[in-house]
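In what follows, a single structure is set out as structure tokens and then discussed.
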Number of protein chains: 2
Amino acid sequence: MSLARSARPIPPARHRLSRLAPLDNAAIAALNEAIGRPQLFRPRRDLMVEGRDIAGPHLILSGWAARVRILLDGRRQFLNFLLPGDIVGLYHHQRPVAPTSIITLTEVTTCVPPDLGALPALDEAYAISHALDEAYLLAQIARLGRMNAMERIGDLMLELHERLELSELTHGRSFDLPITQETLADALGLTAVHVNRMLQAARRGGDLIWSSRSMTIPDPQALARKVGRASIRVTAG
Amino acid sequence: MSLARSARPIPPARHRLSRLAPLDNAAIAALNEAIGRPQLFRPRRDLMVEGRDIAGPHLILSGWAARVRILLDGRRQFLNFLLPGDIVGLYHHQRPVAPTSIITLTEVTTCVPPDLGALPALDEAYAISHALDEAYLLAQIARLGRMNAMERIGDLMLELHERLELSELTHGRSFDLPITQETLADALGLTAVHVNRMLQAARRGGDLIWSSRSMTIPDPQALARKVGRASIRVTAG
DNA sequence: CGTAACTTTGACAATCATCAAGGCAAGTGG
DNA sequence: CCACTTGCCTTGATGATTGTCAAAGTTACG
């Protein structure tokens, strides 16, 4: 079922990183070796704690995690979701400090990505991956700042579908959404109650169908038009 | 007056980059040379256009700019502000594409920052600068997602004060805020009318005093406590 | 079978947006 | 020096969106 699927790691040759930049044999071998030493985390564990030195970077192999910020009175905002293929904690400077905590939402496996600067092909993939991360953060800002609840949900679902597709983790127009409505609310800057109502409205409108942890977008193009969304690119050609 | 002050470039030796990492003589010389070839932009000009190849990176020397995203129906969201010392368009990968447009808010001077990879000391400063940028984007997400109008304004003003202080562009508890309330609204995900009301409430409460393009924070620490804000760090030690 | 976590529903309240109009200050041209 | 325009700030009335609180239903799982 749901969790089992999201827990299956991506085979190295089909790994998202190899989609972002062509990897030579040395890079694939290094990646393969890294993937061979996975680390397992249970749900609701910290991968990183805001303000602490970064122990080591993580390459997500399976499962969902999220960067999170918690306000003093307990309000919680998820800054972005971390999906298989994503990299966190890889910085170019000395003694980096984690800008936010990272918490696992499901069971997660990670590995330590091959070092920066060792393999040019991988460095290129890292750079593109990083640029993509930035682009998605910018998208999140526009979503929270200028979209209403319905648009936020549609836009985020399209984004997740787009990102999961890069790792072959979609099933046509559906994908596994192994999180609760409360988690979704914390990512969208809404309350769980309102997310619930909007999801029901979206189903009535034929825009989104959510059931048993699986999300279906019956007509992605129509939804993209409706919420005014363009897919995200960071390189030319 | 206001614009004149914000148009004075930062002397290289006191430049924000040299605050982020110790620069050796070679780095300072390279920076100095770059600053010697400034480019001038009038207000409301594009420094970069979303989706286009990045012509060249910019190091902001004076004035304010902003990354912006515009929705199909014209709604506008400023993603972040770009202040003197900030760098944009510097990527590690081939053929980068601009993830968002950048527009000048005031008169702006920029220069082309010295190339990546040429000087280790500068590379370190770039990396730290980039990590700071990311941290401020994350702060913007939390602001838009989970703070109310009053908190957003207070938090943003504290952030701007903190950032401008790094370049010695503050005057004690005041700083130049050379933008309109509508621009502020587009950065805060609010309407200009509501920003206006909240600014008045903030003045009545003694939290913020805005007049003739200058912002004063009578008691920054008290305000930080009130909105639950911690200052931002990206390196240990 | 029972418990805990999650989803759903309803009534009501707060926050913020919208619309429309007026005021004020700076600059422009007669 | 005075009308006139323009951009920006301010105010009021009203409404839509979203939050809050509380309770009941549902599902997963031991």
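General remarks:
- Local electrostatic count, residue A:108, Cβ distance below 9 Å [Lys/Arg +1, Asp/Glu -1]: +1
- For the protein assembly as shown: rounded, prolate or oblate by the Cα gyration tensor [a/c cutoff 1.5]: oblate
- Per the rotation superposing chains B and A, the chain B residue found at the smallest beta carbon distance from the axis is B:144, 2, distance in Å.
- Accessible-area order (highest first, 1.4 angstrom probe) of the listed residues B:109, B:180: B:180, B:109
- Surface share of carbon and sulfur [accessible, 1.4 angstrom probe, percent] for region B:1-146: 53 percent
- For residue B:101, the residues whose amide H sits under 5 Å from its own are B:50, B:68, ignoring neighbours fewer than 5 places away on the same chain, with H placed 1.01 Å from N.
- Averaged over its residues, the protein assembly as shown has an accessible area of 43 Å² per residue, based on protein heavy atoms and a 1.4 Å probe.
- Projecting 7 Å from Cα along the Cα-to-Cβ direction, the label point of residue A:29 sits 4.1 nm from its equivalents in the other copies, listed shortest first.
- Radius of gyration over Kirkwood radius for chain A, both on Cα atoms: the Rg/Rh ratio is 0.95.
- Dipole magnitude of region B:1-146, debye to nearest 20 (Cβ charges: Lys/Arg +1, Asp/Glu -1, about Cα centre): 680 debye
- Total accessible surface hidden between B and A, rounded to 100 Å², 1.4 Å probe: 4100 Å²
- Alpha-carbon centroids, region A:56-74 and region A:109-181: separation in whole Å: 13 Å
- Relative to the Cα centre, the charge distribution of the protein assembly as shown, modelled as +1 at Lys and Arg Cβ and -1 at Asp and Glu Cβ, gives a dipole magnitude of about 1460 debye.
- Other residues within the sphere of radius under 10 Å centred on the Cβ of residue A:88, judged by their own Cβ, net out at -1 (K and R +1, D and E -1).
- Couplings 3J(HN,Hα) of region A:39-45, computed from phi: 10, 10, 10, 6, x, 6, 9 Hz, in residue order, whole Hz [Karplus 6.51 cos²θ - 1.76 cosθ + 1.60, θ = phi - 60°; x for Gly and Pro].
- Cα shape, region B:33-125, gyration tensor, a/c 1.5 rule: oblate
- When residue B:232 is represented by a point 7 angstrom out along its Cα-to-C-beta vector, the spacings to that point in the other copies are 1.7 nm, nearest first.
- Region A:147-231: relative contact order in percent, alpha carbon pairs under 8 Å with at least 6 residues between: 34 percent
- Calculated mean residue ellipticity, 222 nm, the protein assembly as shown: -12500 deg cm²/dmol, from DSSP H runs (n ≥ 4) at -39500 (n - 2.57) each, averaged per residue and rounded to 500.
- By definition, a body whose alpha carbon gyration tensor gives a ≥ b ≥ c is prolate when a/c is 1.5 or more and a/b is larger than b/c, and region B:107-163 fits this prolate description.
- The distance between label points at residue A:219 and residue B:204 comes to 4.9 nm (points 7 Å beyond Cα on the Cα→Cβ vector).
- Positive-end extreme of charge dipole, chain A - chosen from A:72, A:88, A:56 (charges on Cβ): A:72
- Ranked from shortest, the separations from the 7 Å Cα-to-Cβ label point of residue A:213 to its equivalents in the other copies are 5.7 nm.
The values are calculated or read from the model by the stated rules, or taken from the named source; none is laboratory data. Since the model is a prediction, treat every value here as computed from it, not as a measurement. Using ideal geometry, Cβ is built from the backbone for each residue, glycine included, and neighbour counts are taken over all protein chains shown. Just the protein is used for accessible areas: all its heavy atoms, side chains included, with ligands, DNA and RNA removed. Shrake-Rupley method; radii C 1.70, N 1.55, O 1.52, S 1.80 Å.
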